[in-house]
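Here the structure is laid out as structure tokens; the discussion comes afterwards.
The values are calculated or read from the model by the stated rules, or taken from the named source; none is laboratory data. No experiment lies behind these values; they were computed from the predicted model shown. Here the Cβ is made from the backbone with ideal geometry for all residues, glycine too, and neighbour counts use every protein chain on show. Just so you know, the surface numbers come from the protein's heavy atoms only, side chains and all, with ligands and any DNA or RNA stripped out. Shrake-Rupley method; radii C 1.70, N 1.55, O 1.52, S 1.80 Å.
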Amino acid sequence: MEHKPSVPGEVPTFTATLIIRRFDPEVDEEPRWQDFDVELHATDRILDALHKIKWEQDGSLTFRRSCAHGVCGSDAMRINGKNRLACKTLIKDLDISQPIYIEAIKGLPLEKDLIVDMEPFFDSFRSVNPFLMAGGAPKDGKERKQSPVERARFDDTTKCILCAACTSSCPVFWTDGQYFGPAAIVNAHRFIFDSRDEGSNVRLDILNDKEGVWRCRTTFNCTDACPRGIQVTKAIAEVKQAILRGHP
Amino acid sequence: MSTIDAPRSPLVSPQRRRKRGINWEKWGWIYMRASGVVLVVLIFGHLFVNLFAGEGVKAIDFAFVAGKLADPFWVAWDTLLLWLALIHGANGMRTIVNDYANNRLVRYILLGAIALSTIVLLTLGTLVIYTFDPCPAGSPADLLPSFCPVP
């Protein structure tokens, strides 16, 4: 029997329209929307479309991306009104009979095109002491042991990649930017419920604030936005309960 | 050999430093949940008794209200309903104003208006519940409801 080498059929392409919110601080007074028609495969991601635009149509298009595989958290943006990672959003999951709207995440100062100033976001992150606070050496002098059950307690919030999709989807954060924001609380949760950590009361005290967990209105935008599937609103609720209890 | 201390960040940045005292945000949050649970019972009890029980909505008239406010049980029920619901609503509006009114002056005006209207409504409502008299003495007979004793 003759063995034919299998030739994969050509993957069909189609043209999608992307409408991107551009802003060049050296030229523009206000951001403006610009259309691009891009030839794409259904298996392409929004990031591929942005690359095609930058490499083939307009080299001035500016956006952050690093690993391009959903781990580094660089390319969170607002895609059709929802905060998503461009590298995890497949074209086939969007309705391409309509234009795809892409803009920078909201609530943080816009620097250029899809890039925002992340410093306020990281300031909030830093202010919850996102590191192990443990006084002295471990008991047997070797390591701080933890059971699988104790580890599972905060497993969900270890997944955060600090992409700011949650914080910049929060309507309370949009208002004046004073709220700590979901990401900072998620990272506080990661240590508050860690059995090896001894600084949970310090963190609970920091978050027991007008701009802390009490400003959460449980709108669930953050849970919907999280590209890592973290139950963000649940984590915030657990921190609220821990504050009421006075301990984790 | 020297060791590097664990990294430290300021406990709270200066603009976030909270003065000690009653934590109103926390108690406000707790109040909303606690009053919410009680209000579910109070409101549905109120609606059931007024609109459904007995003859239903047709029974409501001046005499029906007068009868309810003559009963200490309903006086207590209505007082609780009035205070819990009004403060619950006012606190919710305060929250919305704090979230969305960025201008200091506008915020203070709105918060002041909410506080003032809440106080006025609580005072008037409480006065009505406790001073309501369907048959005030010395009123002309043609202004009194039919169930009042003829002087």
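Data table
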quantity: Cα-centred dipole magnitude for region B:27-143, charges only on beta-carbon of K, R (+1) and D, E (-1), debye, nearest 20; calculated: 620 debye
quantity: Accessible area per residue in Å² at 1.4 Å probe, computed on region B:27-143; calculated: 64 Å²
quantity: Percent antiparallel among DSSP beta bridges (both partners in chain A, rounded to 5); calculated: 85 percent
quantity: Three principal axis lengths of the protein assembly as shown [C-alpha, angstrom, descending]; calculated: 112, 65, 61
quantity: Amide H within-cut-off set for A:Arg45, under 5 Å, with H built and near neighbours excluded; calculated: A:Ile91
quantity: Space enclosed by the convex hull of the alpha-carbon atoms of region B:27-143, per residue, Å³; calculated: 146 Å³
quantity: Probe 1.4 Å - accessible area at A:Glu143, Å² to nearest ten; calculated: 110 Å²
quantity: Which of B:Ser35, A:Ser147 is most accessible, then next, and so on - probe 1.4 Å; calculated: A:Ser147, B:Ser35
quantity: Gyration tensor verdict on region A:84-169 (Cα atoms; rounded if a/c is under 1.5, prolate if a/b is larger than b/c, oblate otherwise); calculated: oblate
quantity: Charge dipole magnitude, Cβ of K and R +1, D and E -1 - region A:102-248, Cα centre, debye nearest 20; calculated: 560 debye
quantity: Label-point separation in nm, B:Val75 to B:Ala63, each point 7 Å along Cα→Cβ; calculated: 2.2 nm
quantity: Shielding score for A:119-132, defined as the mean number of other chain Cβ atoms within 10 Å; calculated: 2
quantity: Pairwise centroid distance, computed over Cα atoms, of region A:219-248 with region A:181-197, Å; calculated: 10 Å
quantity: Surface accessible to a 1.4 Å probe, B:Met93 within the full protein complex, Å²; calculated: 100 Å²
quantity: HN-Hα J in Hz across region A:127-142 - Karplus 6.51, -1.76, 1.60, θ = phi - 60°, x for Gly and Pro; calculated: 6, 9, 6, x, 8, 5, 9, 9, x, x, 7, x, 4, 8, x, 10
quantity: Candidate lysines for bridging to A:Lys88, where Cα separation is under 20 Å - those fewer than 8 sequence places away on the same chain excluded; calculated: A:Lys52, A:Lys54, A:Lys106, A:Lys159
quantity: For q = 0.18, 0.20, 0.25 Å⁻¹, Debye-computed log10 I/I(0) when each Cα of region A:51-109 counts as one equal scatterer; calculated: -0.71, -0.87, -1.26
quantity: Amide H within-cut-off set for A:Cys170, under 5 Å, with H built and near neighbours excluded; calculated: none
quantity: Efficiency of FRET between A:Ala137 and A:Ser60 - r from beta-carbon atoms, R0 51 angstrom, step 0.05; calculated: 0.40
quantity: B:Ala141-B:Leu121 FRET efficiency (beta carbon distance; Förster radius 35 Å; 0.05 resolution); calculated: 0.60
quantity: Fraction of accessible area attributable to carbon and sulfur, the protein assembly as shown (%, probe 1.4 Å); calculated: 60 percent
quantity: With Cα atoms, 0 to 90° folded angle of helix B:104-131 axis to chain B main axis; calculated: 30 degrees
quantity: Solvent accessible area, Å² - A:Asp155, 1.4 Å probe, full protein context; calculated: 60 Å²
quantity: Virtual spin-label span in nm between B:Trp83 and A:Arg32, 7 Å along Cα→Cβ; calculated: 6.2 nm
quantity: Solvent exposure, largest accessible area first (probe 1.4 Å, DNA, RNA and ligands not counted), of A:Asp93, A:Asp28; calculated: A:Asp93, A:Asp28
quantity: Rounded tilt (10° steps) of B:72-100 against the dominant C-alpha axis of chain B; calculated: 40 degrees
quantity: Test item: A:208-215 mean partner chain Cβ contacts at 10 Å; calculated: 6
quantity: In sequence order, calculated HN-Hα J values of region B:47-64 (Karplus, 6.51, -1.76, 1.60; Hz; x Gly/Pro); calculated: 5, 5, 5, 6, 9, 10, 5, x, 7, x, 5, 5, 6, 6, 7, 4, 5, 4
quantity: Estimated FRET transfer efficiency (A:Thr218, A:Asp24; beta-carbon r; R0 45 Å; 0.05); calculated: 0.75
quantity: Contact order relative to length of chain B, as percent, for alpha carbon pairs under 8 angstrom and 6 or more apart; calculated: 22 percent
quantity: Rounded to the nearest 20 debye, dipole of chain A from Cβ charges on Lys, Arg, Asp, Glu; calculated: 1240 debye
quantity: Amide H contacts of A:Ile100 (H built 1.01 Å from N, under 5 Å, at least 5 apart or other chain); calculated: A:Thr17, A:Leu18, A:Ile19
quantity: Theoretical ellipticity at 222 nm over the protein assembly as shown - DSSP helices of four or more residues, -39500 (n - 2.57) apiece, nearest 500; calculated: -12000 deg cm²/dmol
quantity: Region A:214-220 - phi-based ³J(HN,Hα) in whole Hz, Karplus 6.51/-1.76/1.60, Gly and Pro as x; calculated: 6, 7, 5, 9, 6, 7, 6
quantity: Solvent-accessible ranking of B:Trp74, B:Trp24, largest area first, probe 1.4 Å; calculated: B:Trp24, B:Trp74
